[in-house]
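Chemist: The structure that follows is given in the form of structure tokens.
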Amino acid sequence: MDEQHTPPAGPASGGLDPRTELSEFLRTRRARLKPQDVGLPDFGRHRRVPGLRREELAQLAGVSVAYYTRLEQGNGRNVSAEVLDSIARALRLTDAERSHLTHLAKPKRQKRKPAARAQQVRAPLRHLLESMDAVPAYVVGRRSDILAWNRMAAAVFGDWGLLPAQERNWARLVFLNPDYRELFVEWERKAYDMVAYLRMDAGCHPDDPQLSSLVGELSVKSEEFRGLWAAHDVKEKSHGVKRVRHPLVGELTLLWESFRPAGDDTGQSLVTYFAEPGSPTAEALRLLASWGADARRSGADAAAP
């Protein structure tokens, strides 16, 4: 029998609806698994559901089909940590996905919605940024907002101080600013990561109207964002490699690390970029350090016909 998928209705306004998010997340995780992936027979014929059926997932998780169906319909009330863990194992979730599932199924209850406040970076963290003379670094906050940066970050990525405050947001820059599509050599990978980070944020803060507004704006203006958002993939910021095209020094291969300040519950992260010692990128960073925040503008002017 075909499954009927009717996600719960979202709220008329404000933040994202946790019930809808839970329903879609479980459905997309189940859809990516095939019977042979989890040791179940695949009879092939009449299988009209992408991935595992609900009854197959329930069997793997050791819960009743009715119970799992209610959960996938967005009803996570009173679900135990043990059941969530069983379902996470059955779905083969990553650590980030397990955390996301827990946030969606058992959201923190707030007595009243807090008033929207501007995100603030602690003075010691700003001083740390300023002291990192040779390392591009910035602080990113909720909703991928760029909150503070040093002169080396401006030299590599552009001077965000020239942008209106609302535009200092990685998601907007990646999807709506053509300069950043050119900046990242692997733009599609950057775009995927950006949406996965936003999804993680949405799971932790589903009642954030500013995040809901950002998602709505990007969904209207970017077809690529709509497709990636519908996939419900999530990631934690951790570390990796980014390749960028710089108008003054050419292509840079930058390693990056993300750090969450200890005891900080604001959702802010310090992101730092560096190069392999002795590499061409290390030499390029030394050159950019001598140019400062004007490096990108100077390089663009030099490249102009």
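The values are calculated or read from the model by the stated rules, or taken from the named source; none is laboratory data. Please read these numbers as outputs of a predicted model, since none were measured by experiment. Glycine gets a Cβ as well: all are built from the backbone with ideal geometry, and neighbour counts include every protein chain shown. Calculation scope for accessible area: heavy atoms of the full protein, side chains included, ligands and nucleic acids excluded. Shrake-Rupley method; radii C 1.70, N 1.55, O 1.52, S 1.80 Å.
Chemist: Give the residue from GLY250, PRO209, THR266 lying farthest towards the positive end of the charge dipole for segment 142-272; charges sit on Cβ (+1 for Lys and Arg, -1 for Asp and Glu) and the dipole is referred to the Cα centre.
Modeler: Checked the options; the winner is GLY250.
Chemist: Moving to a separate point now. Could you state how much accessible area GLU130 has, in square angstrom rounded to the nearest 10, with a 1.4 Å probe and all protein chains kept in place?
Modeler: 130 Å²
Chemist: Let me ask something else. Just how large is the dipole of segment 100-255 about the Cα centre, in debye to the nearest 20, putting +1 at every Lys and Arg Cβ and -1 at every Asp and Glu Cβ?
Modeler: Dipole of segment 100-255, to the nearest 20 debye: 840 debye.
Chemist: Not counting ligands, DNA or RNA, and with a 1.4 Å probe, what is TRP149's accessible surface area in Å² rounded to the nearest 10?
Modeler: The value for TRP149 is about 70 Å².
Chemist: Here's something else I'd like to know. Once a ≥ b ≥ c are taken as the square roots of the eigenvalues of the Cα gyration tensor of segment 203-259, is the result rounded (a/c under 1.5), prolate (a/b larger than b/c) or oblate (a/b not larger than b/c)?
Modeler: prolate
Chemist: I've got another one for you. Return the sequence-ordered ³J(HN,Hα) values of segment 24-29 in whole Hz as given by the Karplus equation 6.51 cos²θ - 1.76 cosθ + 1.60 applied to θ = phi - 60°, using x for Gly and Pro.
Modeler: 5, 5, 4, 5, 5, 5
Chemist: For SER131, SER23, SER238, what's the largest-to-smallest order of accessible area, 1.4 Å probe?
Modeler: If we order SER131, SER23, SER238 from most to least accessible, we get SER131, SER238, SER23.
Chemist: So, one more: Check the straight Cα-Cα distances from LYS106 and name the lysines below 20 Å, setting aside those fewer than 8 residues away within the same chain.
Modeler: Excluding near neighbours in sequence, the set is LYS235.
Chemist: Heads up, I need the accessible area for HIS239: 1.4 angstrom probe, whole protein in place, Å², nearest 10.
Modeler: HIS239 has an accessible surface of roughly 120 Å² with all protein chains in place.
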